[in-house]
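Working notes, structure below.
The values are calculated or read from the model by the stated rules, or taken from the named source; none is laboratory data. Every value quoted in this text rests on a predicted model; they were computed, and no experiment measured them. In this analysis, Cβ positions are derived from the backbone assuming ideal geometry, glycine residues included, and neighbour counts consider all displayed protein chains. In case anyone asks, the SASA skips ligands and DNA or RNA and just uses the protein heavy atoms, side chains included. Shrake-Rupley method; radii C 1.70, N 1.55, O 1.52, S 1.80 Å.
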Amino acid sequence: MEKLSEKRLQLLMMEVLQMERKNLRTKAKDDGKMAEDIAKTIIAYANQRY
(Lines give C-alpha, C1' and ligand atoms only; values in the text may rest on other atoms or scores of the structure.)
Protein backbone atom coordinates (compact mmCIF):
# COMPACT_ATOMS: atom_id res chain seq x y z
CA MET A 1 0.00 0.00 0.00
CA GLU A 2 1.30 3.44 -0.90
CA LYS A 3 1.88 6.09 1.73
CA LEU A 4 -0.24 9.22 1.70
CA SER A 5 1.56 12.25 0.37
CA GLU A 6 2.37 15.01 2.82
CA LYS A 7 -0.25 17.27 1.23
CA ARG A 8 -2.99 14.61 1.45
CA LEU A 9 -2.04 13.93 5.07
CA GLN A 10 -2.35 17.63 5.93
CA LEU A 11 -5.75 17.79 4.20
CA LEU A 12 -6.89 14.77 6.20
CA MET A 13 -5.74 16.33 9.48
CA MET A 14 -7.53 19.58 8.68
CA GLU A 15 -10.76 17.76 7.85
CA VAL A 16 -10.65 15.77 11.10
CA LEU A 17 -9.92 18.91 13.12
CA GLN A 18 -12.83 20.73 11.47
CA MET A 19 -15.12 17.80 12.30
CA GLU A 20 -13.97 17.93 15.92
CA ARG A 21 -14.43 21.70 16.16
CA LYS A 22 -17.94 21.50 14.73
CA ASN A 23 -18.87 18.75 17.17
CA LEU A 24 -17.45 20.67 20.13
CA ARG A 25 -19.81 23.54 19.35
CA THR A 26 -22.92 21.45 18.75
CA LYS A 27 -22.31 18.35 20.91
CA ALA A 28 -24.43 16.55 18.31
CA LYS A 29 -22.35 13.36 18.33
CA ASP A 30 -21.03 11.32 21.25
CA ASP A 31 -17.46 10.02 21.37
CA GLY A 32 -18.33 6.69 19.73
CA LYS A 33 -20.08 8.30 16.77
CA MET A 34 -17.25 10.80 16.29
CA ALA A 35 -14.70 7.98 16.34
CA GLU A 36 -16.69 6.13 13.66
CA ASP A 37 -16.93 9.25 11.48
CA ILE A 38 -13.22 9.98 11.84
CA ALA A 39 -12.37 6.36 10.98
CA LYS A 40 -14.57 6.55 7.86
CA THR A 41 -12.83 9.77 6.80
CA ILE A 42 -9.37 8.25 7.28
CA ILE A 43 -10.34 5.15 5.31
CA ALA A 44 -11.78 7.29 2.51
CA TYR A 45 -8.52 9.25 2.24
CA ALA A 46 -6.47 6.06 2.33
CA ASN A 47 -8.54 4.53 -0.48
CA GLN A 48 -8.20 7.52 -2.80
CA ARG A 49 -5.54 7.14 -5.47
CA TYR A 50 -3.79 10.12 -7.01
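Annotations for the structure displayed:
- Averaged over its residues, the chain has an accessible area of 90 Å² per residue, based on protein heavy atoms and a 1.4 Å probe.
- Principal-axis analysis of the Cα atoms of the chain puts helix 31-47 at an angle of about 20° to the longest axis.
- Exposed trypsin sites (Lys or Arg not before Pro) absent: longest stretch of the chain, with sites in DSSP loops and at most 11 other Cβ within 10 Å deemed exposed: 4-26
- In degrees, nearest ten, helix 6-26 long axis to first principal axis of the chain (Cα): 10
- Under conditions of 20 °C and 1.002 mPa s, the chain yields 184 µm² s⁻¹ as its translational diffusion coefficient, taking Rh as the Kirkwood radius over Cα pairs in the Stokes-Einstein equation.
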